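Just below is one structure, and these are the notes that go with it.
The values are calculated or read from the model by the stated rules, or taken from the named source; none is laboratory data. Just so it is clear, the structure is predicted and the values come from calculations on it, not from any experiment. Cβ sites come from the backbone with ideal geometry, for glycine too, and all protein chains shown count toward neighbours. Note: accessible area is taken over every heavy atom of the protein model, side chains too, but ligands, DNA and RNA are not part of it. Shrake-Rupley method; radii C 1.70, N 1.55, O 1.52, S 1.80 Å.
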Amino acid sequence: AQLQESQNQQIVSEEEYFQRIAGKAAMLISVGVWSAGRLAELDSGSLKSLKEFGMAWGMATQISDDCQDLEEDLMIGLHTLPVIKGIALTDHALHGRLVACLKDAQQNCHQIISILEQMGTITSCQHLVATYEAQLAAVFHLFPELKSIFHELRLNSENLQLN
């Protein structure tokens, strides 16, 4: 997935986007969390829950990152979920304007972001992040210690982005 991105292979559908981020951030986090559970010799049900926790965490993290880095991604010609959703809204009044602006994304970057905000795609992506976060929070009843670790890691990553 990272190789495809570095070769600037454009994602053309939401399905392809989700496959790519699942193979990138989500799988990496999922395998790490699952491996920790395996080392702790947890039962198969707990391991499955940890794997799902990791996938949800990875998906939420990547989509959130794509929303935050939208300007950066547009400047290098990368279309992430907010843009893909906008392109898919062919019946929207702003669709033609979006497609025209995307032809020179570097020049029209701020205009594209404004269009995507008006189309509601950024908000839609943020709602999707919240859905994934609700899925990963469901594991906290099985592993209460994960809740504090997760919140601490999340705060640390937010602080890193601010610096």
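Between region 72-92 and region 25-67, how far is it from one alpha carbon centroid to the other, in angstrom? Taking the Cα centre of region 25-67 as reference, the centre of region 72-92 is 27 Å away. Shown in residue order for region 92-99 are the 3J(HN,Hα) couplings computed by the Karplus curve 6.51 cos²θ - 1.76 cosθ + 1.60 at θ = phi - 60°: 6, 4, 9, 4, x, 5, 4, 4 Hz (x for Gly and Pro). The HN-Hα couplings worked out from phi for region 43-48 by the Karplus form 6.51 cos²θ - 1.76 cosθ + 1.60 (θ = phi - 60°) are 6, 4, x, 5, 5, 4 Hz, whole numbers, x standing for Gly and Pro. Which of the three applies to region 92-147, rounded, prolate or oblate, going by the alpha-carbon gyration tensor with a ≥ b ≥ c and a/c under 1.5 meaning rounded? Here region 92-147 falls in the prolate category. Keeping the other protein chains in place, figure out the carbon and sulfur percent of the accessible area of region 61-107, with a 1.4 Å probe. Carbon and sulfur atoms account for 50 percent of the accessible area of region 61-107.
Accessible area per residue for the chain, computed on protein heavy atoms with a 1.4 Å probe, is 58 Å². Semi-axes of the equivalent ellipsoid of the chain are 33, 15, 14 Å, computed as sqrt(5λ) over the eigenvalues of the C-alpha gyration tensor in descending order.
Comparing Ala130, Val31, Leu98 along the charge dipole axis of the chain, the residue lying farthest to the positive side is Val31, per the Cβ-charge model. So which lysines pass the test for Lys24, namely a Cα distance under 16 Å, with those fewer than 8 places away in the same chain ruled out? Lys24 reaches Lys51.
Each Lys and Arg Cβ is given +1 and each Asp and Glu Cβ -1; about its Cα centre, the chain then shows a dipole of about 220 debye.
Extension gain for Glu71-Ala22 works out to 15.4 nm (0.36 nm per residue, less the C-alpha to C-alpha distance).
With the helix formula -39500 (n - 2.57) applied to DSSP H stretches of n ≥ 4, the chain reaches a computed 222 nm mean residue ellipticity of -23000 deg cm²/dmol.
Rounded to the nearest 10 square angstrom, Cys67 shows an accessible area of 30 square angstrom against a 1.4 Å probe.
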